[in-house]
Amino acid sequence: MPTSSNVIYALSDKNQQIVFSQLEQEAATETSVSEVSSVVDSEAELEVDEEPATEPTKAAKDTTQPKDDMYPNCDVNVWLRSCEQEIVEPIEGKVQGTVPEWLNGSLLRNGPGSLKVGDMMFNHLFDSSALLHRFNIDNGKITYQCRFLKSDAYKKNNAARRIVVTEFGTSAVPDPCQTIFQKIAAVFNKPGVNNSDNAMISIYPFGDEFFAFTESPIIHRIDPETLDTEAKLNVSDYVGIVNHTSHPHVMSDGTVYNLGCSITKTGPAYTIICFPHGPGMFENARIVASVPARWKFHPGYMHTFGITENYFVIVEQPLSVSVPTMVVSQIRNRPMAAALKWFESQQTYIYLLDRDTGELRHTFHTEPFFYLHIINQYEREGHVVLDICCYKDPAMLNCMYVDTMRNMQNNPDYAKMFRGRPLRFVLPLNCGTERAKGRPAAGPKGSSATADASWSDMWQNLGSFSAGDSTDSGLVLQNLVQIEDSKATAYVMPNRTIFCKPELLCDLGCETPRIYYERHLGRPYRYFYAISSDVDASNPGTLIKVDVVTKGKLTWCEENVYPSEPIFVPAPDPQSEDDGVVLAAMVWGREEQNRAGLLVLDAKSFTELGRCEFVTPGPVPKCLHGWFQPTATTKGD
């Protein structure tokens, strides 16, 4: 099997040993970069002359001739709809089937709400104006409402009736009054000021308050009952970060952790921020752990992170944010996507940071992959087990450009670009190598080798072996994973780094994974729930329940129905990990744009218990992430 460095090896099932038999020189250099976004040039030097910004796409009808759809079962337009009318006062829906009597509370959702601003359109799904949803369950009665997040970006765009704030994939209309010197000066504003505050990804509680998140350090407090936007907070005002992930972790005691990026005197660093539960969660926030980014001008793109009993888990994929390109893009009014760089020949690093001391304890290497979401992670028998929804590269981000989505039915590669699978990595903690305890790249005190040099060390060790050498003459490495029921492997390489190979959890595309979060976050678990990411599936609107122990799966689907992220809600005094229900917001495809619903599944059998459907005054787009808040702890009770 070829690795990212073209090292050829074979795995023996009999003794779980890995044998290196051939080594080929890499064709590409270690610094070769392929861009994620196709809307910008390669990295350029800063020039004084201004370059006109890209004009946002105008709203227009599709004039292409009808053809046979390549993915006839997938209606991508459920993502491309724009909400035309907020539902401020809750509307009551029609309940079918049975909703458990004990199920009371609010399912809060966040996601893309409108791709339109006046007669203009955003270029990327992540640019869409944030729309908040609420399904409230009260003694069998279920209501629905939705409102736009009133971010500064939303208010400015709507006041101007055009796109005046640059987003992830869309440039704002140029401001003729802003000089080049003002643009350069703006680069030195405090974090978050120059970024859009369109927080359209997720919702998380901090104590009894709820906040809408994106990857900018600016978050918005919302009212969980009315969906009013109450206040804007810049997290960088409280702790030294320039951004953070959209998925903080809420612990059982109410403490919240998140992963951010800080700028230090030695370069960018990944930092864990702790928001202690109680009064002044933001005022008392502090950095509790840190590890330097491997590349000083290319910190990794981070969307989530992991936490176990003893470790923070940071997965540094080779998709980076190019600092030089980001500066140039800001001055030239280019979107953030311009700064994303994919280092296809570089490995993914996994860091384990000590929760008590904040120090880096272990570093692991694996093949380059792209990811957005970690499913769960936990410690077992001297290992850390880490489950991730993985893609071979970040092409799926390009799949979410509006033009690409509109033309997906004519794109034979679209499904392949979006192909991902849930993988399990098993990281041995007692491997008997000093290198495994520290960082292989230049960074903390005590590091002695760079990441680029590490593979050169291996080449020197393997230089005496040629193609066709027998096992006896090859270099034999023993699998370090000692968990009997795991097919994942890990090996100490000749340069003393630890290289990990994952095992497949389920041969279905899984996204927006959720677990029994309150009880199993960072602990051993058995089940996760997800939506399908296979656009070429017989039903792309499938919900999936995966048993990570048996590798079995259960699915639920219905023709023309597109559920969102499935959220597990435990029954009172649950007797098993899947004793409860799974909730999912639903929209319908094709012509049924004014139809929304809430689905209630029995988590154990993964069959429908009941649902509530709503007829809305306008189109309802599919949403991304959310949070279920039981009535007993809802604000104001």
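Please compute the modelled spin-label separation between Glu283 and Ile483, points set 7 Å along Cα→Cβ, answer in nm with one decimal.
It works out to 4.3 nm between the two label points.
Report the label-to-label distance for Ile91 and Ala160 in nanometres (one decimal), using points 7 Å from each Cα along the Cα→Cβ vector.
Each label point lies 7 Å from its Cα, and together they span 3.3 nm.
Write down the accessible area per residue of the stretch 315-433 in Å², having rolled a 1.4 Å probe over the full set of protein chains.
On the way: 3310 Å² over 119 residues.
Here the per-residue accessible area is 28 Å².
Counting only protein heavy atoms, what percent of the accessible surface of the stretch 266-404 is carbon or sulfur at a 1.4 Å probe? Don't skip to the end; give the middle numbers.
Values: 2030 of 3860 Å².
Ligands and nucleic acids excluded, carbon and sulfur reach 53 percent.
For an R0 of 35 angstrom, estimate the FRET efficiency from the Cβ-Cβ distance between Leu504 and Glu209 and round to the nearest 0.05. Provide the component values of the computation, followed by the final result.
Numbers: r = 40 Å, r/R0 = 1.14.
So the FRET efficiency works out to roughly 0.30.
Using a Förster distance of 25 angstrom, determine the FRET efficiency expected from the C-beta separation of Val327 and Arg496, and round it to 0.05. Before the final figure, lay out each step's value.
On the way: r = 37 Å, r/R0 = 1.47.
E(calc), rounded to 0.05, equals 0.10.
Whole number in Å², please: accessible area per residue of the stretch 484-556, 1.4 Å probe, ligands, DNA and RNA not counted.
Values: 2700 Å² over 73 residues.
Accessible area per residue, the stretch 484-556: 37 Å².
So for each of 626-632, 213-219 I average, over its residues, the number of other beta carbons within 10 Å; can you give me the resulting order with the highest mean first? Kindly include the intermediate steps, with their values, before the conclusion.
Working: 626-632: 17.3, 213-219: 24.7.
My ranking of the peptides, most packed first, is 213-219, 626-632.
Could you order the peptides 72-85, 272-285, 119-132 from most to least packed, using the average number of other C-beta atoms within 10 Å per residue? Provide the component values of the computation, followed by the final result.
Values: 72-85: 18.2, 272-285: 16.1, 119-132: 24.1.
So the peptides 72-85, 272-285, 119-132, ranked by packing, come out 119-132, 72-85, 272-285.
Local charge sum around Val561 (other residues, Cβ-Cβ under 12 Å, Lys/Arg +1, Asp/Glu -1)?
Details: positive: Arg590, Arg595, Arg611, Lys622; negative: Asp75, Glu558, Glu559, Glu592, Glu608, Glu613.
For residues surrounding Val561, the net value is -2.
HN-Hα J couplings of the stretch 585-601 from phi, Karplus 6.51/-1.76/1.60, θ = phi - 60°, integer Hz, Gly and Pro as x?
5, 10, 10, 10, x, 6, 7, 8, 6, 9, 9, 9, x, 10, 9, 10, 10
Over the stretch 70-159, with the other protein chains present, what is the accessible area per residue in square angstrom, probe 1.4 angstrom?
Numbers: 3460 Å² over 90 residues.
Spelled out: the 1.4 Å probe surface of the stretch 70-159, per residue, equals 38 Å².
The values are calculated or read from the model by the stated rules, or taken from the named source; none is laboratory data. Keep in mind the model is a prediction, meaning the values are calculated, not measured. Note that we place each Cβ from the backbone using ideal geometry, even for glycine, and neighbour counts take in every protein chain shown. Note: areas computed on protein heavy atoms with side chains; ligands, DNA, RNA excluded. Shrake-Rupley method; radii C 1.70, N 1.55, O 1.52, S 1.80 Å.
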